[in-house]
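Here is the structure we will look at.
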Amino acid sequence: MIRYAMTALVALGVLAGCTDSKNRLAFDGYFFRTKVQKVDGQRDVFTVRIRDVAKSLDGAREAGRHAGVSYCVKTYGSSKIDWAVGPDTPPEQLRIEDNTLIFQGVCPQL
């Protein structure tokens, strides 16, 4: 039941963020631009790029989590993600290039 509630909450957040710039989601007080891409044409394997990580590492992590969950919900109907590098990865193991945080994950197919 909690899983469905979380999925609905994320879906509402995504829809609210798409309506106009006044309704964008802030993470740790900042707005982050994110981009989700499939890896090698596989829909279940994806990367999330979060720009301007220098604003707030914690905020960027949560923005990346949100983008990944949104992608998996939209693509597979589930918020479950197996992160290779993700929001819970220790800071020293994170991949940051040119002020962009990069996560990689897999949406497990149910």
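The values are calculated or read from the model by the stated rules, or taken from the named source; none is laboratory data. Remember, predicted model here, so these are calculated numbers, not experimental data. All Cβ positions, even for glycine, are placed from backbone atoms using ideal geometry, and neighbour counts span all protein chains on display. The accessibility values were calculated without ligands, DNA or RNA, using every heavy atom of the protein model including side chains. Shrake-Rupley method; radii C 1.70, N 1.55, O 1.52, S 1.80 Å.
Brief remarks follow.
- Pairs, first on the phi > 0 side of the Ramachandran plot and at pLDDT 95 or above in the range 49-75, second open to solvent by less than 60 Å² (accessible area, probe 1.4 Å) and among the β-branched types (Val, Ile, Thr), C-beta under 9 Å, six or more apart: 52/100
- Residue in the range 85-103 that is at pLDDT 95 or above, open to solvent by less than 20 Å² (accessible area, probe 1.4 Å), within 17 Å of residue 27 (Cβ to Cβ) and of a type in the set (Phe, Trp, Tyr) present: yes
Each row is one residue, and each column tells you yes or no for (1) of a type in the set (A, V, I, L, M, F, W, C); (2) under 9 Å from the mean Cα position of the chain (by Cα); (3) surrounded by 14 or more Cβ atoms within 10 Å (Cβ to Cβ).
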site: 27; (1), (2), (3): yes, no, yes
site: 34; (1), (2), (3): no, yes, yes
site: 43; (1), (2), (3): no, no, no
site: 52; (1), (2), (3): no, no, yes
site: 55; (1), (2), (3): no, no, yes
site: 59; (1), (2), (3): no, no, yes
site: 69; (1), (2), (3): yes, yes, yes
site: 74; (1), (2), (3): no, no, no
